[in-house]
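First the structure, in the form of structure tokens, and then the observations on it.
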Amino acid sequence: MDGVIKRRSLCAIVSCFLLFLLAYNSSTVFYVQVPVPGNSSPEISSFLTENVARKSRKLVSLSTSAKLSSSVIYAVKEETPLVKPNTQLIISRKNPNLVGFTYDSVAYQPRRRRKKKPLVKVLPSGDRINVFSMRMKEFFGSKSSNSSCKFRFFMTWISSIESFGERELFAVESLFKAHPNGCLVIMSTSMDSPRGMQALNPFLEKGLRVTAISPDFMYLFKNTIAQAWIDNLMKGNIDPGEVSLGQNLSNLLRLGLLYKFGGIYLDTDVIVLKSFGKLRNVIGAQTIDVETRNWSRLNNAVMIFDKRHPLLYKFIEEFALTFDGNKWGHNGPYLVSRVVSRVRGRDGYNFTVLPPMAFYPVDWNRIGSLFLGPRNETQSKWLLLKLQQIQSGSLAVHLWNKQSRELEVEEGSIIQHIMSDCCVFCNSYSSKL
């Protein structure tokens, strides 16, 4: 009997020991298989390692599991950017009062709360010397010496200095061919440099007055409603949208220049044919209604206005109050069209809307016809008639930027004739404009 009891006791002890081992092993296996939450967000964790490695093979290297979290975040940033352009518009490096705009592509970010970075940075003010104002006054000169600057022209250039090519230089040529006693300021940070002035040096050697100056937005829009808009942009409180921020800032800049100084604004792809000497407070229609013969859309590529004209203030006000960075033209041609349609006929707004023939004799979708040479006798007659029509009825021709940038200037084309009539350096033609 005692032997039986001892065997049962031994079996019980062994059983308890085995149960203990089983329980221990089970807890260990369970512990290993339970996923431990990491620091990354649920969205990041949901991406499978093998998928990220496959999609971002050229971008990331998953060397250790310790680097998985940061590597996955990097891969997502590179693989799923939004379509917003990577734009940088550094307005000034020289003037401590100027505004520097930077706009990087927006990439995927986890849902962690991050401190909002401002879109625009105001550079330190230093001694608060308004370099922009001083340079503008020096260039245009005092009233006593203003006879050498009969016309004030403005252009804006938001791209790199390498992009300022033959087309832009010929636009400047045509301006001075029609206005040899005019003055041109190109508002541009890239052109406001030794290389930029070197590109303009041939004009200076001929005694023509042209310069490039980095713009000061805060100075231009002081005491206007756009001042608050710029301030909000600097703080990152305004969504720049999908359209190029530089393009929209150019739309605003031209309004501020004319409002502050008065004069003539031209896009850098506008070829001037005749003097603007008789024009005052003018904007041009781009299209007209075929039935009513009234304008249906205006354009802001050419504008001529007195200093502090009330219509310009309305344009600036409309920009600040209705800015939309996701609609092309909303802050440019459509803006001036909206405002003019509201204020026309009101007292105090004295301005003229010129017909399309004045500045836009050919619409954007037909601009290519001006670059073609004659193919046959019929086309040769058409080209001659169209050329005569433009020469007699137009003050300028807008080339519609990208719509014609890659087109060849063919022999006998309308553009070739215009170039020969409007050139200053007539021995430096190119097959492209």
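The numbers here are math on the coordinates, done by the rules we state, and not lab data. Because the structure is predicted, anything quoted here is derived from the model rather than measured. With ideal geometry, Cβ positions are generated from the backbone for all residues, glycine too; neighbour counts draw on all protein chains shown.
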Highest mean packing first, using Cβ neighbours within 10 angstrom, the peptides 189-197, 393-401 sort as 393-401, 189-197
Here segment 282-296 yields Karplus 3J(HN,Hα) values (6.51, -1.76, 1.60; θ = phi - 60°; whole Hz; Gly and Pro given as x) of 10, 9, x, 7, 8, 9, 10, 6, 5, 8, 8, 6, 8, 5, 10
Phi-derived 3J(HN,Hα) across segment 167-179 with the Karplus relation (6.51, -1.76, 1.60, θ = phi - 60°), rounded Hz, x for Gly and Pro, is 4, 5, 5, 6, 4, 5, 4, 5, 4, 6, 5, 8, 9
Residues whose modelled amide H sits under 5 Å from the amide H of residue 273, counting only those 5 or more places away in sequence or on another chain, are 396, 397
Sequence order, segment 409-416: Karplus ³J(HN,Hα) from phi using 6.51 cos²θ - 1.76 cosθ + 1.60, θ = phi - 60°, Hz rounded, Gly and Pro as x, gives 7, 7, 4, x, 6, 5, 5, 5
Sorted by chain and number, the residues with a modelled amide H under 5 Å from that of residue 284, at a separation of 5 or more or across chains, are 299, 302, 354
With a 32 Å threshold on alpha-carbon distance, the violating pairs from 177/402; 274/381; 235/260; 206/314 are 206/314
